[in-house]
Amino acid sequence: KARAPARMQARGARRVEERSADNAYSRSARHKATSHIRLLVQPGAHRLRVRAWCSAIDVKQRLRDACGVPVGFIRLFHGPRELPNLARMIDLLPSSSRNSSSSSSSRSRVVSLTMRAQNPSDFATGCYLQAWGGQAEDAEMPVPLTKLLSKCQQGLAMGFAPQLAWDGTGGTYVLRDASRAPLAAFKPRDEEAFAPNNPRGLPGKLGQPGIHGSIASGEAHVREVLAHRLDHGHFASVPLTLQAEAVHPAFYVHSHVALSRYGAKVGSLQLWVPHDDVAANRGAATFPTREVHKIALLDMRLLNTDRNDSNILVRDMARDAAAHRTPSLASCSSS
């Protein structure tokens with residue numbers, strides 16, 4: 001009778017020990033699951049499983065083995081941001097899924113990246129223009145954007161340097177085509193008002209409040225790209241716009257190097273719109289009501305508070321055989 005309790009105690013101890021081992025194993029398994037991140041790299045749909053603390057250079061080495069592209073030629077983008085070599089993959093995750101072990105969090109621990117093969121010697125000529133980020137590798141990039149880039153590149157290759165426009169609070173450079181006609185306007189982010197390389201005597205720190213307190217310096221060019229994308233069906237006549245990077249000695253550098261890799265400037269590239277005047281030089285009574293309403297609707301959708309009569313372009317259109325003219329309006333940015 002005295003031995004029975006001892007046996008029962010031994011069994012109980014073994015059960016506790018087994019449960020403790022199961023818990024320890026489960027914790028270890030969860031830790032291993034959350035210590036890795038799955039990467040989806042386009043183009044090519046490369047799927048990689050990497051440790052959460054690995055860096056961008058580690059990912060590039062994996063991609064080199066998979067694609068045969070030298071590490072020095074690989075550029076990685078997470079959305080619109082280019083990743084430096086020391087960027088950690090765990091920092092790209094939402095804060096809610098960095099330390100969680102739930103199944104829903106594990107599904108969110110997938111990071112999408114865009115790879116771009118870039119020969120560094122492309123920038124050595126000092127004359128370079130290309131779509132920013134993964135757009136350059138996007139086979140589905142709209143044909144009009146591709147044509148605009150191609151014509152701008154041709155003009156630069158023929159020696160037609162970008163020309164700084166005389167108006168505006170930031171740097172706006174006019175690019176010309178092979179026939180010397182104005183083709184596009186390039187607005188670098190580091191030359192916006194209160195950005196480091198502003199050529200109008202308004203230098204500042206990138207990210208500080210700009211002309212409008214709610215818009216940080218260096219972000220105006222992104223708003224122009226979004227305005228074009230949100231102008232569905234070209235309803236408000238927002239010019240064709242894309243985000244691009246460029247290198248040219250004509251660009252202004254005040255006291256800081258260009259704020260991107262290889263010294264390239266990142267900004268908006270906007271199709272040049274032929275026009276006869278700006279709204280500031282015309283009487284408002286001459287504008288068709290429908291044209292005004294189209295721009296007003298766009299501004300309400302974009303929450304744009306910067307509309308003024310200097311960033312509305314006017315083009316005279318023939319109305320009848322008597323050569324009377326009625327103006328057509330187009331939205332543009334004054335920055």
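Computed from the coordinates by the stated procedures, all read-outs in this text should not be read as laboratory data. Computed from a predicted structure; not experimentally measured. Positions of Cβ are backbone-derived with ideal geometry, glycine not excepted, and every protein chain shown enters the neighbour counts.
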Once both label points are put 7 Å beyond Cα along the C-beta direction, the Ile57-His234 separation in nm becomes 4.8 nm
Honestly region 151-292 on the Cα gyration tensor test (a ≥ b ≥ c root eigenvalues; a/c under 1.5 rounded, otherwise a/b vs b/c for prolate or oblate) is just oblate
Past the 24 Å Cα-Cα mark, which pairs from Lys60/Lys187; Lys147/Lys205; Lys151/Lys265; Lys147/Lys265? Lys60/Lys187; Lys147/Lys205
In nm, to one decimal, how far is the modelled label at Ala124 from the one at Met317, with both set 7 Å along Cα→Cβ? 5.1 nm
